[in-house]
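Worksheet for the structure shown next.
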Amino acid sequence: QGPSRLNTTEKGNTGKIHLPKEIFQSLSNKTVPVVVTVLNIQQLGMFKENNQTAQVLDNTVVGITVGESSISGLQEPVQLTFTHRELPQHSQLLPLSVAGQAGGWCSRGCVTQPGDKGTVCSCDHLSFFTLLLLNPALDGSTAKALTAVATVGCGVAMAFSIFTMAFCIFIRCRFRFEETVRINLGLHTNLMGSLFLLNLAFLLNSGLAGRTQPSTCRVLGGFTHYCLLCFFTWTALEGCQLYLLFVKVLGIYIHRYLAKLCLVGWGFPVLVVGVAGAIGSYGEYCIQSMDNQDKAHLCWITSEHLLVHYITNCGYFGLIFLFNMAIFGVVTQKSCSLQGTGAVQGYQKPWKVALVAAGLFCLLGATWATVFLTYGTSSTAVLYLFTILNSSQGIFIFIWLVVLYYPKTRETTGSLSYIIRHDKTTTASQD
């Protein structure tokens with residue numbers, strides 16, 4: 001028994017439910033209640049799916065029970081027709097049902113068939129059902145192209161990271177620099193080391209994710225998170241060093257300064273990853289494409305712990321980005337003023353000035369700010385821009401260091417020393 005009209009929306013559109021004969025044939029001559037429950041879950045904010053903002057379609061959840069027994073494994077599926085408004089372009093509907101004793105939502109056993117006036121959800125069991133409306137996702141071909149670009153870019157970035165570290169170590173040992181320049185080279189070496197590990201972690205992730213044991217995936221997810229935090233931390237330390245050189249230019253001496261920077265740069269992320277791992281934040285992360293067929297698997301922070309991602313990655317980088325951009329503005333202003341006075345002769349050519357500024361921009365991790373443009377309904381062009389810029393970061397930094405320190409190593413060092421001494425003299429005279 002059951003009403004012929006199960007759910008009527010405000011516009012008069014009626015949803016439909018079709019129960020297969022298989023359900024009733026198993027009941028023999030028993031009389032059992034057929035209960036259909038329609039829930040409106042507006043303003044509960046229950047669903048977050050795969051790092052995308054999602055919402056239940058029309059805030060409607062439909063539950064079906066036949067008798068008191070659990071029914072699953074049906075040969076002929078249960079069909080629910082959800083009528084709805086016209087959906088946004090490139091949006092995706094994901095069928096969900098309550099499965100298991102824990103009552104978790106999943107799409108296992110359900111498929112969708114879109115139609116002109118609604119979407120048919122077919123499931124091989126009885127439970128509570130809904131359709132989850134996801135923001136526009138990537139189509140399969142674009143996702144594969146972005147993955148290919150990122151993979152090639154990471155390989156090239158790893159090679160240039162090795163070149164940059166070797167170059168910094170070579171000129172640090174080959175030439176006699178003052179302590180400030182030696183510390184700078186040590187900072188650059190550690191930054192490129194963290195960038196190398198980050199690209200390595202991505203390549204391992206893209207190659208192993210989806211084919212590893214859960215425990216291995218958790219370890220790989222934690223390692224990837226650690227490498228990302230190390231890179232962010234070293235970009236922050238680069239900004240701090242520029243602050244000490246160009247802003248707080250008097251009375252700078254810290255015993256075993258570079259060793260203490262290494263303790264912060266490599267040690268602080270260990271604490272963050274340790275806490276995140278203790279609460280079970282790492283595991284398999286799945287990104288579903290628009291065609292609902294191809295999925296990208298990553299060993300990363302799981303969807304259940306997105307708050308960890310927003311705090312430790314988005315929030316942490318946001319603070320670093322604001323600080324480093326303030327320092328970048330101060331350094332640019334001082335460099336332009338010195339260029340105007342003719343104090344620094346090495347970079348009067350406009351292309352060299354632009355190159356040095358672009359290299360410093362990459363050194364401070366500013367290219368990662370494009371990640372904030374990839375949320376929500378971002379265009380494919382923005383995703384390509386983010387992928388290419390960050391895959392090429394190692395190349396930009398390598399070129400910047402070569403132009404800055406070689407072949408006129410002595411002249412460059414003298415110019416840097418002059419800037420620092422000039423600031424010290426100016427500050428002292430003002431005091």
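Restricting the range 247-283 to residues that are surrounded by 16 or more Cβ atoms within 10 Å (Cβ to Cβ) and more than 21 Å from residue 231 (Cα to Cα) leaves a set whose member that is modelled with the lowest pLDDT is 249. Do we have any residue at all in the range 197-207 that's farther than 30 Å from residue 118 by Cβ, out of contact with any Cys (no Cβ under 8 Å at 6 or more places or on another chain), of a type in the set (Phe, Trp, Tyr) and part of a helix (DSSP H, G or I)? Looking for residues that are farther than 30 Å from residue 118 by Cβ, out of contact with any Cys (no Cβ under 8 Å at 6 or more places or on another chain), of a type in the set (Phe, Trp, Tyr) and part of a helix (DSSP H, G or I), one finds none in the range 197-207, hence no.
Tallying residues that are assigned to a loop (DSSP other than H, G, I, E, B) and modelled with pLDDT of 75 or more within the range 316-355 yields 0.
Table: residues versus (1) modelled with pLDDT of 90 or more; (2) more than 24 Å from residue 308 (Cβ to Cβ); (3) not assigned by the TED database to the domain that holds residue 402.
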| site | (1), (2), (3) |
| --- | --- |
| 166 | yes, yes, no |
| 172 | no, yes, no |
| 175 | no, yes, no |
| 193 | yes, yes, no |
| 197 | yes, no, no |
| 209 | no, no, no |
| 217 | yes, no, no |
| 227 | yes, no, no |
| 245 | no, yes, no |
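Residues being at pLDDT 80 or above and assigned to a strand (DSSP E or B) are entirely absent from the range 40-56. Among the residues of the range 254-284, those identified as without any contact (Cβ under 8 Å) to a residue 40 or more places away in the chain and charged (D, E, K, R) are 256, 260.
The values are calculated or read from the model by the stated rules, or taken from the named source; none is laboratory data. These numbers come from a predicted model, not from an experiment. We place every Cβ from the backbone using ideal geometry, glycine too, and count neighbours over all the protein chains shown.
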